[in-house]
Amino acid sequence: MKTRTILLITLLLLSTLAVYATSSPKPIASGQVCTTFPDCWNYRKKITIKNNVDKDLTDYQINITVHYGSGTDTNYDIYLNSHSQTDFDDIRFALPNGTLLSYWNETLYPGDNATFWVKVPNIPALGTTDIYIYYGNPDAGYAGSGDDTFLFFDDFSEDLSKWTIISGTWEIINGELRCTVDSDYSYIRANYFITDAAIHVKIRVGTAGYYDNGGIIARYMDTKNYYAAIFYPDYSGHQHRLIKYTAGDFAELAHTSAPDDTNWHKLVFVLYGTSLGSWLDGNYEISATDNDHSSGYVGLRAFDTNHHFYFDDFFVRKYVSPEPTISAVGSEENRKDVTITLTPYNIALSSNDYFIAKYANDTGISIQHLTNGTNTLNIWSDFVNITLISYLSNSTARYLLDAPTNGTADFEGTIYPYTSLD
């Protein structure tokens with residue numbers, strides 16, 4: 001029978017190695033690169049997300065815009081006080097326990113702002129959840145992934161293996177999807193089936209002409225049954241429309257004006273029960289209610305006479321109405337390195353022993369027991385790990401010893417707490 005030993009160990013705070021002021025990032029030794037999360041990130045802010053519907057949301061994609069300079073944080077706009085890289089490659093999102101979250105950078109204006117989508121694992125019904133944005137690491141590279149973040153994603157950097165061509169000529173040219181219309185209408189559908197969702201795509205026409213139009217199809221079953229959000233950039237009509245086909249019969253559900261140019265535009269089509277809506281560049285909102293189609297595939301449609309339509313950054317995400325909102329953004333915190341020693345030394349260890357540790361907690365410091373991205377403190381001798389089990393009080397925590405063999409070890413390690421700059 002395996003014995004469990006309870007040891008009382010006092011964590012003695014030896015010295016504060018460094019406190020990083022708002023104007024100076026953590027110094028990195030010459031020739032060294034620091035990319036271990038979160039050890040090498042110097043700043044973070046807490047983001048509180050509120051669920052506005054009475055059901056739990058899982059793996060929901062949240063839109064966040066970050067600004068390089070200083071300003072007042074508001075819903076969806078977070079200012080990094082010139083502490084991030086100018087290209088925002090060091091941005092990371094994580095849960096309070098340090099678990100990294102999937103994310104993707106949609107737009108980038110170096111030195112100014114960038115827009116990210118973050119997949120949040122759980123937001124309780126009518127409740128809130130907290131995540132953190134980390135930044136301030138000059139060595140970090142971009143680590144986002146559209147495939148990991150969304151239900152369906154294609155930036156057309158590879159091939160069309162995720163799609164089924166229905167009609168027309170669809171091909172990837174220089175990282176963009178180009179449609180050459182061979183008949184009245186050209187269709188391509190993604191190999192992804194939806195009921196409710198938000199569908200995003202960038203769209204432009206090569207040369208605008210009479211009746212040229214293209215857009216998103218959804219709840220598509222065949223060319224005679226589907227909904228569509230369509231962009232008409234031609235110089236005679238230039239409209240943004242919601243339409244449907246049911247058993248081959250066409251009906252317009254809503255329309256408004258649209259730009260008459262050949263620039264890139266962002267088209268969004270949302271479907272939630274019988275509610276349909278569409279945005280073009282965040283403006284020209286149109287909506288309708290209809291119950292003809294409840295589910296189907298997503299895809300793209302184009303029509304023109306002698307021109308090409310181009311598409312890029314197509315993705316599908318979860319959607320509810322009203323959507324979750326950012327209800328609060330915390331003050332900027334910077335990393336403060338603290339070296340601690342666990343005493344006494346030379347304690348006999350057995351695998352899976354428990355012990356309780358009491359530590360001195362400086363005012364304003366929330367100690368995060370994180371080393372190399374895991375909830376562990378390293379014991380340098382014999383490669384023994386101490387894993388945090390639970391907090392017993394504000395200054396006491398319970399740990400589990402993981403030793404491959406019985407033996408002795410000197411307990412010493414470094415923890416990385418954060419302290420508010422306010």
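Key figures
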item: Leading residue by the ranking (nearest to the chain's Cα centre (by Cα)) among those in the range 228-274 that are within 21 Å of Tyr297 (Cα to Cα) and surrounded by fewer than 14 Cβ atoms within 10 Å (Cβ to Cβ); result: Gly273
item: Scan of the range 289-314 for residues that are surrounded by 23 or more Cβ atoms within 10 Å (Cβ to Cβ) and either on the phi > 0 side of the Ramachandran plot or not in a loop (DSSP other than H, G, I, E, B) (or both), ordered by number; result: Val298, Gly299, Leu300, Arg301, Ala302, Phe309, Phe311, Phe314
item: Any hit, the range 148-159, residues being surrounded by fewer than 16 Cβ atoms within 10 Å (Cβ to Cβ) and either touching a residue at least 40 places away in the same chain (Cβ under 8 Å) or in a strand (DSSP E or B) (or both); result: yes
item: Condition met for Thr74 (modelled with pLDDT under 95 and over 15 Å from the mean Cα position of the chain (by Cα)); result: yes
item: Index of the failed condition, Gly111 passing every other in (1) more than 30 Å from Lys318 (Cα to Cα); (2) crowded, with 18+ Cβ neighbours inside 10 Å; (3) at pLDDT 95 or above; result: (2)
item: Hey, Ala125 under 24 Å from Asp56 (Cα atoms) and either at pLDDT below 95 or assigned to a loop (DSSP other than H, G, I, E, B) (or both) or not; result: yes
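The values are calculated or read from the model by the stated rules, or taken from the named source; none is laboratory data. What you see is a predicted model; the values in this text were computed from it and never measured. Every residue, glycine as well, gets a Cβ built from its backbone with ideal geometry; the counts of neighbours run over all protein chains shown.
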